[in-house]
Every structure is written in structure tokens, then in C-alpha cells.
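Report on one structure; see the data block that follows.
The values are calculated or read from the model by the stated rules, or taken from the named source; none is laboratory data. Computed from a prediction, not measured in an experiment: that's the story for all the values here. Heads up, the Cβs are rebuilt from the backbone with ideal geometry, glycines too, and the neighbour counts pull from every protein chain shown.
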Amino acid sequence: MDQLFQFTKDQAEKAARVTIINYYERYPNEWQDEDVLAYEISGMLGIRPQPSYVANALQALDDLRNVENGTHDALNLNEARTEDNRAELVERFEMDLLMAIRDVVAEFRTHEVFVPAAVAA
């Protein structure tokens, strides 16, 4: 039996997040192109995200990676060379990533998706 399902903004955010992270992990920085990634998201979600929003998400991922590697300029190192503010930076950059993804999917509206019985089974 054919069915209609709701495709929500929350689901769109999750799909965009996975797509952005996969793209980031697949290509080195010098090969990353926010226009190409925006186009991929556009085809997947049926919206036209601004490439600058996609670039913000990629930048947040860069910041998170640099904190993880201990190379971010914002890390405060004491004399013992331990990172005092790592947790705060991770929280800040995770929030930056979340906000960028929300900007990317801002145009998305919850809608019904038709799923044929052969696919739903």
C-alpha cells in the first residue's frame, strides 16, 4: 500500500549535517567547494542554501578538527602545555556548526513525501 510520510525540518537538519560532515571528511580543504556542496544539498532537500552558510559549516568543522588536534589558535595553554579551554571551544564550535546547518536548511518546510508500496516494504 502506498503511503505518505512527513519529512520534517528536524530530519532535513540531520540529513544536511550528515551530508556536510561526509563531504568534509571526503575532500581535503583545498578541494572543498561550498558551491558544489550547496548544490548537493539543494538536490537532496529541494532548497537553495546559500554557499556562505555551507562555508560557515565547513569552517566550524575545521575549528573542531583543529581543537581536537591541539592546533587551534584559541587554545589557552598553561605552562604544563595542557589545554584549559578545550571543552569550551568544542561547545562553541559545535554551536557554530548547529547554527550554520540551521541557516542551510532555513528555507526547508515540512512536507509530505509519497513512498510507493514497493519501496516502503
Long-range neighbours under 9 Å by Cβ, at least six apart or interchain, first residue under 29 Å from residue 14 (Cα atoms) and of a type in the set (Ser, Thr, Tyr) within region 70-97, second modelled with pLDDT of 80 or more and surrounded by 12 or more Cβ atoms within 10 Å (Cβ to Cβ): 71/65
Residue that is surrounded by the most Cβ atoms within 10 Å (Cβ to Cβ), among those in region 14-31 that are under 9 Å from the mean Cα position of the chain (by Cα) and charged (D, E, K, R): 17
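Looking at the structure I just gave you, is residue 110 among the β-branched types (Val, Ile, Thr), surrounded by fewer than 11 Cβ atoms within 10 Å (Cβ to Cβ) and either in contact with an Asp or Glu (Cβ under 8 Å, 6 or more places away or on another chain) or modelled with pLDDT under 95 (or both)?
On the way: among the β-branched types (Val, Ile, Thr): yes; surrounded by fewer than 11 Cβ atoms within 10 Å (Cβ to Cβ): no; either in contact with an Asp or Glu (Cβ under 8 Å, 6 or more places away or on another chain) or modelled with pLDDT under 95 (or both): yes.
In short, no.
Just to be sure I understand, how many residues within region 1-51 are in a loop (DSSP other than H, G, I, E, B) and out of contact with any Ser or Thr (no Cβ under 8 Å at 6 or more places or on another chain)? Explain how you work it out, then say what you get.
Of region 1-51, the ones in a loop (DSSP other than H, G, I, E, B) are 1-2, 8, 27-28, 32-33, 46-50.
Checking the rest, the ones that are also out of contact with any Ser or Thr (no Cβ under 8 Å at 6 or more places or on another chain) come to 1-2, 27-28, 32-33, 46-47, 50.
Count: 9.
Yes/no matrix, rows are residues, columns are (1) exposed (fewer than 12 other Cβ atoms within 10 Å of the Cβ); (2) touching a helix residue (DSSP H, G or I) at 6+ places or on another chain (Cβ under 6 Å); (3) closer than 18 Å to residue 98 by Cβ:
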| residue | (1), (2), (3) |
| --- | --- |
| 9 | no, no, yes |
| 12 | no, yes, yes |
| 33 | no, no, no |
| 44 | no, no, no |
